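Enquirer: Structure below; questions to follow.
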Amino acid sequence: MDKVPFYFQSIDFKRLVAEYPPAPDFFQGVFKSPPEEIRALQQRRMVDAVRRAWRVPFYHRRWKEAGLEPGDIRSLEDIRKLPAYTVDDIRRSVEEHPPFGDYVGLNPRAGEVPLRIHSSGGTTGEPRPTFYAPWDREVGNILRARSYYFHGLRPGDMVMNTLLYSTHNGAFSVHEALWYWLGCTPVSTSAGVVTRSRRALEIAKKWEVNAIIGFPEYLLHLAQEAREMGIDLKLKVIDSFGRSDLVRQAWGVPAYDTYGMHEIQTISSECPHGGGLHIWEDAFVVEVVDPETGRPVQPGQVGSIVVTALYKDAYPVIRYDTKDLTRLRPLGQCQCGGWMQKMDPILGRADLMVKLRGINIWPEGVGAILAGDPRLTGEYYCIVERVSDREEMSVLTEHKPDITSLEALQRELEETLRAKLGVKIGVKAVEPGSLAPLTGQGVLPKARRLEDRRKASR
């Protein structure tokens, strides 16, 4: 008779919570450990993570090509000997070893452990498959639940989850963290493509939802819809994947940022005391490197996040260059009592960078500047194209009603962008709501912000 790998028998839960404490224990323990203890813990776990990854063909091949042997990585400093990889390397692995690539640390068809599969959102290319074994999954859920506890969620809270329930991992990860590890009730309305935004707000009002989780673009859309409907949800907190400042302003309630990705769940969480996002350093080693050279940059300098997950087993993640841009903050004890390294909110993506006359421009940077103008709604859409052998960027941005002179507005916005970015970007102000077909605002959980026409013009 075949043995069924029951989920509840696939994890040593006592070991799980001892090694990766959930909230609130985490915040009274390892979170407040001094830096030298955190570094020692990271080093021990990093060496083990690299040892596990040697059995994975993807890493074995790449590390052998780099002249490395098992046992060469003995310290945190040694980790930079390992070549970083990008999403392009993962996609190439899938193409050469279909259908799942050779970066998975077990045979998905063996039936030895219960697995689930999700894919990336595909917002920056072809979706990539990711398997989750029970240990990887539950540690990831604990890390995400820590963030929500940090931001004020407690057992019994009714939390509307606006992430899209689909092949993507995000919505399910939020759902499991709230339900399994925090005692909250997830209200699974998802985004507008699943439940109409106004209907979701009606449900939230009726069921007394007191917190919302989602991407900032959709949260801002919901705020506008709630105002038009005259609905006050009496929210205690909102958790946003970026731009918590805009979300906080739109809703008038506390809002905080959580950063992560579908392969490894939550990496860092905005501190309620301000000053950036704490990295969960018991679970990750985060480097920030120059996007072009791959060399480490100093705290305070912008670079690409290279992340190593210390807990992953079924799908190891060792020096993954995410192309997400941030700055590390100087190390020091925070007002909250924690010593864990802080980072800035995500500033943009290195692979969406446009170089105009030698200056690096990111769509998110353009949007952040436009968001500060009270005459605009905050909605924008960038277009980059090649004109006469030179790259040019323009931006469409929605203006608020009752603007008397569009030409004057556009001219002033172009001057502001030139002054702050050092390069000319054309601006066209358009009617409120007219960008939705381009951005997916109000339908997609994560809006599109860039259209690249450069290949079409070649």
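Enquirer: Output the residues belonging to region 325-351 that are among the aliphatic types (A, V, I, L, M), at pLDDT below 95 and buried (at least 19 other Cβ atoms within 10 Å of the Cβ).
Expert: Leu325, Ile346, Ala350
Enquirer: Considering (1) in contact (Cβ under 8 Å) with a residue 60 or more places away in the chain; (2) assigned to a loop (DSSP other than H, G, I, E, B); (3) not small (Gly, Ala, Ser), say which one Ile403 fails and leave the rest.
Expert: Unmet for Ile403, out of (1) in contact (Cβ under 8 Å) with a residue 60 or more places away in the chain; (2) assigned to a loop (DSSP other than H, G, I, E, B); (3) not small (Gly, Ala, Ser): (1).
Enquirer: Criterion first (closer than 24 Å to Gly348 by Cα and at pLDDT below 95) does Leu277 satisfy it?
Expert: Numbers: closer than 24 Å to Gly348 by Cα: yes; at pLDDT below 95: no.
The answer is no for Leu277.
Residue by residue, here is whether (1) in contact with a helix residue (DSSP H, G or I) (Cβ under 8 Å, 6 or more places away or on another chain); (2) at pLDDT 95 or above; (3) closer than 24 Å to Glu281 by Cα holds:
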site	(1), (2), (3)
Arg144	yes, yes, yes
Leu164	yes, no, no
Thr167	no, no, no
Gly170	no, no, yes
His175	no, yes, yes
Ser188	yes, no, no
Leu201	yes, yes, no
Asn210	no, yes, no
Glu225	yes, no, no
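Enquirer: Here's another thing I want to ask about it. Return the residue satisfying two criteria in turn: it lies in region 394-443 and is within 30 Å of the chain's Cα centre (by Cα) and of a type in the set (Ser, Thr, Tyr), and of such residues it is modelled with the lowest pLDDT.
Expert: The selected residue is Thr439.
Enquirer: On to the next question. Considering only region 33-56, state which residues are assigned to a helix (DSSP H, G or I), of a type outside the set (A, V, I, L, M) and surrounded by 17 or more Cβ atoms within 10 Å (Cβ to Cβ). Steps first, please.
Expert: Just the residues of region 33-56 that are assigned to a helix (DSSP H, G or I), to begin with: 35-53.
Checking which are of a type outside the set (A, V, I, L, M) leaves us with 35-37, 39, 42-45, 48, 51-52.
Gln42, Gln43, Arg45 - these are the residues of region 33-56 that are assigned to a helix (DSSP H, G or I), of a type outside the set (A, V, I, L, M) and surrounded by 17 or more Cβ atoms within 10 Å (Cβ to Cβ).
Enquirer: So, Glu217, is that one part of a helix (DSSP H, G or I), touching a Leu at 6+ places or on another chain (Cβ under 9 Å) and touching a residue at least 24 places away in the same chain (Cβ under 8 Å) or not?
Expert: Values: part of a helix (DSSP H, G or I): yes; touching a Leu at 6+ places or on another chain (Cβ under 9 Å): yes; touching a residue at least 24 places away in the same chain (Cβ under 8 Å): yes.
In short, yes.
Enquirer: Please find, within region 14-24, the residue that is farthest from Leu182 (Cα to Cα) out of those that are surrounded by fewer than 17 Cβ atoms within 10 Å (Cβ to Cβ) and touching a helix residue (DSSP H, G or I) at 6+ places or on another chain (Cβ under 8 Å).
Expert: Taking region 14-24 first, the residues surrounded by fewer than 17 Cβ atoms within 10 Å (Cβ to Cβ) are 14-15, 17-18, 24.
Still in the running and touching a helix residue (DSSP H, G or I) at 6+ places or on another chain (Cβ under 8 Å): 17, 24.
Working: Val17: 13, Pro24: 9 Å.
The extreme case among them is Val17.
Enquirer: Moving to a separate point now. Out of the residues in region 314-347 that are free of Cβ contacts under 8 Å to residues at least 60 places away in the same chain and touching a Gly at 6+ places or on another chain (Cβ under 6 Å), state the one that is nearest to Ser394 (Cα to Cα).
Expert: Leu325
Enquirer: Based on this model, can you work out whether Ile231 counts as crowded, with 22+ Cβ neighbours inside 10 Å, outside any helix (DSSP H, G or I) and in contact with a helix residue (DSSP H, G or I) (Cβ under 9 Å, 6 or more places away or on another chain)?
Expert: Details: crowded, with 22+ Cβ neighbours inside 10 Å: no; outside any helix (DSSP H, G or I): yes; in contact with a helix residue (DSSP H, G or I) (Cβ under 9 Å, 6 or more places away or on another chain): yes.
For Ile231, the condition - crowded, with 22+ Cβ neighbours inside 10 Å, outside any helix (DSSP H, G or I) and in contact with a helix residue (DSSP H, G or I) (Cβ under 9 Å, 6 or more places away or on another chain) - is not met.
Enquirer: Next up: Restricting attention to strands (runs of 3 or more DSSP E) lying wholly within region 255-354, give those where 2 or more residues are aliphatic (A, V, I, L, M) and under 27 Å from Tyr218 (Cβ atoms).
Expert: On the way: elements: 255-261, 265-270, 277-279, 284-289, 303-309, 320-326.
Those strands (runs of 3 or more DSSP E) span 255-261, 277-279, 303-309.
Condition check ((1) among the aliphatic types (A, V, I, L, M); (2) in contact (Cβ under 8 Å) with a residue 40 or more places away in the chain) across all residues:
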position: Gln28; (1), (2): no, no
position: Val47; (1), (2): yes, no
position: Arg52; (1), (2): no, yes
position: Pro57; (1), (2): no, yes
position: Ser75; (1), (2): no, no
position: Lys81; (1), (2): no, no
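The values are calculated or read from the model by the stated rules, or taken from the named source; none is laboratory data. Fair warning: this is a prediction, and the values are worked out from it, not measured in the lab. Because the Cβ atoms are built from the backbone with ideal geometry, glycine has one as well, and the counts that use them run over all protein chains shown.
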